[in-house]
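Structure first, then comments.
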Amino acid sequence: MTTPLPPLLDAEALALREKLGARHIVLVGLMGAGKTSVGKRLAAALGLPFVDSDHAIEESARMTIPEIFEKRGEAEFRAGERKVIARLLCEPTQVIATGGGAFMDPETRARIQQGGLSLWLKAELPVLMRRVLRRGNRPLLQNADPEATMRGLIEARYPTYALADITVLSEEVAHEVMVKAVMDALTSALNKDPA
Ligand code: S3P
């Protein structure tokens, strides 16, 4: 059996990888912001591994996120999330998509700021709602008025998400267009940052 060759990176990706050094790229933002779909494609474009913290939590708990919320409660989910993200940040450089609540935890936020470049995918309410309503896998939205919940989360969380190193507007455009916007934002942030 032959091992597939790693993809050839374009010039922007190569320059970005060099500037990034050992840091992770950590995507933060609300449910439906596109952290997983953009993160996967960004990782592929940069030749980096991709990991989704929610999936890592599900793997270590051997339960789905809704099951964890139901059987163990949100506080235990948050404790697991804190541990899992701390572990992922100790792995070699990768693109990490975090669950929407992760960056709200002061310890997790400090760890992310230490080991990675944080990027907030900021989206407007209608965009988020269109995306999350397609799937019923978000325990926080399983109520009579998910839109009001989302509005509350925007109010409560956006000031904290704004502490991320970089902000990119998440729009309903082709995935490749979003990935290019994220790459450009990363490039310009890294060009300003001598670290
Ligand atoms: C949550 C977001 C979810 C998941 C959990 C809680 C939140 O992740 O971690 O349902 O608090 O916003 P996504 O943002 O990937 O949907």
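Observations
- Looking only at region 135-179, and only at residues there that are closer than 16 Å to K35 by Cα and basic (K, R), the one that is modelled with the lowest pLDDT: R135
- Filter result (in a helix (DSSP H, G or I), open to solvent by 10 Å² or more (accessible area, probe 1.4 Å) and out of contact with any His (no Cβ under 7 Å at 6 or more places or on another chain)) within region 13-46: L14, A15, R17, E18, K19, K35, T36, K40, A44, A45
- The lone exception for L119 - which of (1) part of a helix (DSSP H, G or I); (2) of a type outside the set (S, T, Y); (3) closer than 30 Å to L5 by Cα it fails: (1)
- Qualifying residue in region 130-138 (condition: crowded, with 18+ Cβ neighbours inside 10 Å, within 13 Å of the ligand (Cβ to nearest atom), under 30 Å from A22 (Cβ atoms) and of a type outside the set (K, R)): no
- If you filter region 83-108 down to residues that are surrounded by fewer than 19 Cβ atoms within 10 Å (Cβ to Cβ) and within 12 Å of the ligand (Cβ to nearest atom), you find that the one that is farthest from V132 (Cα to Cα) is D105.
- Residue pairs whose Cβ atoms lie under 7 Å apart, separated by 6 or more positions or on different chains, with the first residue in region 111-140 and more than 26 Å from P66 (Cβ to Cβ) and the second basic (K, R), are G115/R23; G116/R23; L117/R23.
- Test: residue in region 55-78 that is away from the ligand (no atom under 13 Å from the Cβ), within 28 Å of V168 (Cβ to Cβ) and open to solvent by less than 40 Å² (accessible area, probe 1.4 Å): no
- Test for G39: is it in contact (Cβ under 8 Å) with a residue 24 or more places away in the chain, small (G, A, S), touching a strand residue (DSSP E or B) at 6+ places or on another chain (Cβ under 7 Å) and more than 8 Å from the ligand (Cβ to nearest atom): yes
The values are calculated or read from the model by the stated rules, or taken from the named source; none is laboratory data. The shown structure was predicted, so the numbers you read here are calculated from the model rather than taken from an experiment. Glycine gets a Cβ as well: all are built from the backbone with ideal geometry, and neighbour counts include every protein chain shown. SASA here: full protein model, heavy atoms, side chains in, ligands and nucleic acids out. Shrake-Rupley method; radii C 1.70, N 1.55, O 1.52, S 1.80 Å.
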